[in-house]
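Notes to accompany the following structure.
Rule-based calculations on the coordinates, nothing more; no lab input. No experiment lies behind these values; they were computed from the predicted model shown. Here Cβ is always computed from backbone atoms with ideal geometry, including for glycine, and neighbour counts include all displayed protein chains.
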Amino acid sequence: MNIRYEEIQGVSLGFYALVAGLGVLILAALGAVFYMEHHGHYVTGMSNRIVWGVPHVFALFLIVAASGALNVASIASVFHKKMYKPLSRLSGLLALALLAGGLMVLVLDLGRPDRLIVAMTEYNFKSIFAWNIILYNGFFVIVAVYLWMMFERRMNKFTSKAGLAAFSWRLILTTGTGSIFGFLVARQAYDAVIMAPMFIIMSFAFGLAFFILILMASYKWTERPLGDAVVNRLGSLLGIFVAAVMYFVAVKHLGNLYLAENAGVENFILFDGGIYTQLFWYGQIILGGLIPMALIYHPALRGNRSTLGLASIFILIGGVIQLYIIIVGGQAYPMEMFPGKEILEGYGGIAAYTPSLPEMMLGVGGIAVALIAVTLLVKFLPFLPESLADEIADPHHKS
Amino acid sequence: MSKTLNRRDFIKTSSATTVGVATIVSGITLTTFAANANENPVTNEKRWGMLIDTNKLTEVEIDGMVSACQQENGWGSEVHSTGDQKPTWVRKLKVQDKATGKITSLPLMCQHCEEPPCVDVCPTNASMKREDGIVLVDKHLCIGCRYCMMACPYDARSFVHEDLTDQREHMPRGKGTVESCTLCVHKVDNGESPACVASVNSDAVIFGDLYDPKSNINQTLKKVQSAQIRADLDLNTGVRYSGI
């Protein structure tokens, strides 16, 4: 079956309203950055105890989701599943857009964002951060080449090789992102190699949730046909990814509970950490895990796009909450500096953190950057198949 | 200008500029980090360290060490930063043994590790260890990512949250960069002791070359029991404690 790709028209009032709305969010984010950089970080909720706050939560959420958004293309090119092939272009585009949004937030939260050039020219190869800078830049190049192979008919034959390269690169990239925390030996909340594979499986879930939402929205708003075969397949896959995330979360916490050294921070997150415990159980586990799985797998709701969309939104909210617990919660609990002793004065206690409005605006701005990039690029380049009706998209369709 | 500027001219001009900038930049770096580089090059034949005897050191003396550091290096008078946002190069800690109930007070600052986690994680090499074991932040390279603060097991580093005024000439600091105890490198390079050590009028705090068999610190460490904080991390700290 021949797939025809076509730009969206993008002339409707709704289209311009969407672009304008996202533009306002981006401007607000830039304003927030100017405010924070002008005054210094004292205007944020961050401190010397909570050194990474909400901007890092959003940045890492978007970066993790970016590598996961590429999975749909990988399933087509690397694992040769025909049904995913027409979705590959959008998958590559979304991956680049989410990464751009995430990196923008990360860079603009630096103490000296004006010194970005230093980060690009001075490398300490023992630093996971330095490796990540290379991995992120490489991801842009490799996915751009991959997209070119897909777009250019003469290059189509190289698509699966480029796809394999991109797939391998993204696995390394997410390993690098997870390792930012995995290698922090001093902090009981992080020092665990499982962080890397857990981040990979989180990326599968968050990336696919983003992808499903954007796919359904763009086909609905442009009134293009989108068959149940594609949507239901993606939905089932999403359910599996969410279950896998919950498995990794369970292993991580159970493994940590076993070590007396980590019992304190585990008890904090799981049982008596106030807001962090509530966020963990109600936000990450119930809202971001159990409810989406029920929405996806409940027989009465199978094939229901509204509930699939709702499940995807819950997964994304749960994902932000999960990163908040990892990043902020992990810092809030004090480091074990004197094993066998209790610190009475000078250090310790749960560090306070209240996200400030500018931090939130910067984080949301990152999402807006990703979405505006997708919105504009599908207008100017043929990313979306003009139809994903079952008889076109489903290789096993019987009419 | 575009008419007359050919390739050769461009290369000439840009090389001259590069050399100029490089000269100025290296000059700044030299004045900041190696005051007496010409006379006594910094080598790894020395390893600066500190031994703190918590049985001898009084709480008043620890407070004195903190204010001596503030006075010397100019931190602590920030106006906007609140609570945990304020820089702390050295702090007074009070710890209690869970079994015996014994309470110990001690000053905690950068431990000047031989294997510093902050140096390992720094993406731009701004966090660095001098050959003589002093761990520093190059304020010209620091991009303010705060990864070193995540990595430090001693919570010894601070991020400057606001614009600073009235800085010490020998200790440049800057909004948006990370800072910590420098072991008063500017004094050590002139043959003096760090300000906090000098503020204590007893032998409760000893500063010196850990490698030099004739130094007081080396000889004392051979005699008395001492400990490193978080010795399990195997970072081989330059700051040692006895009595904890």
Filtered trypsin sites (Lys or Arg not before Pro), segment B:43-139: DSSP coil and at most 14 other beta carbons within 10 Å: B:LYS56, B:LYS98, B:LYS102
- prompt: Taking neighbour Cβ counts within 10 Å as the exposure measure, how do A:LEU13, A:LEU94, A:LEU308, A:LEU257 sort from fewest upward?
  reply: A:LEU13, A:LEU257, A:LEU308, A:LEU94
query: Mind checking Rg over Rh on segment A:331-376, alpha carbons, Kirkwood formula for Rh?
result: 1.35
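How much length would be gained if the chain were fully extended between A:ALA263 and A:ILE117, taking 0.36 nm per residue of separation minus their Cα-Cα distance, in nm to one decimal?
Working: separation 146, 0.36 × 146 = 52.56 nm, distance 4.16 nm.
Full-extension gain reported as 48.4 nm.
Classify segment B:36-242 from the C-alpha gyration tensor, please: rounded if a/c falls under 1.5, else prolate or oblate depending on whether a/b exceeds b/c.
Details: a/c = 1.43, a/b = 1.19, b/c = 1.20.
Rounded, because the longest to shortest axis ratio a/c is under 1.5.
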- line: FRET efficiency for A:LEU357 and B:LYS214 from the Cβ-Cβ distance with R0 = 45 Å, rounded to 0.05, comes out at 0.15
Kirkwood estimate for chain A, i.e. one over the average of 1/r between Cα atoms, Å: 22.0
message: Per 0.36 nm of contour for each residue apart, how much would the distance between A:ILE286 and A:LYS157 grow if the chain were fully extended, relative to their Cα-Cα spacing?
response: 42.0 nm
- prompt: Distance in nm between label sites at A:LEU270 and A:LEU381, each 7 Å beyond Cα in the beta-carbon direction?
  reply: 4.7
query: Label A:LYS82 and A:SER12 with points 7 Å out from Cα along Cα→Cβ: what is the distance between them in nm?
result: 3.1
query: Once fully extended, how much extra length lies between A:LYS126 and A:ILE350, figured as 0.36 nm per residue of separation less the alpha-carbon to alpha-carbon distance?
result: 77.6 nm
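Can you tell me the FRET efficiency between A:LEU310 and B:GLU59 if r is taken as the Cβ-Cβ distance and R0 is 51 Å, rounded to the nearest 0.05?
On the way: r = 59 Å, r/R0 = 1.15.
Efficiency at R0 = 51 Å is approximately 0.30.
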field: Estimated vicinal HN-Hα couplings, Hz - segment B:120-131 in sequence order (Karplus 6.51, -1.76, 1.60; Gly, Pro = x)
entry: 4, 7, 5, x, 10, 6, 5, 6, 8, 10, 5, 4
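Please give the per residue volume of the convex hull enclosing the alpha carbon atoms of segment A:1-147, rounded to a whole number of Å³. Before the final figure, lay out the partial values.
Details: hull volume 22.8 nm³, N = 147.
Taking only Cα atoms, segment A:1-147 has a hull volume of 155 Å³ per residue.
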Cβ-Cβ FRET estimate between B:SER226 and A:HIS253, R0 fixed at 25 Å, reported to 0.05: 0.10
query: For chain A, what number of Lys pairs, 8 or more residues apart or on separate chains, have alpha-carbon atoms under 28 Å from each other?
result: 21
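Which of the trypsin sites (Lys or Arg not before Pro) found in segment A:301-399 are in a DSSP loop and have at most 12 neighbouring Cβ atoms, other than their own, within 10 Å? Working shown, then result.
Numbers: sites: A:ARG302, A:ARG305, A:LYS341, A:LYS379, A:LYS398; in loops: A:ARG302, A:LYS398.
Answer by residue number: A:LYS398.
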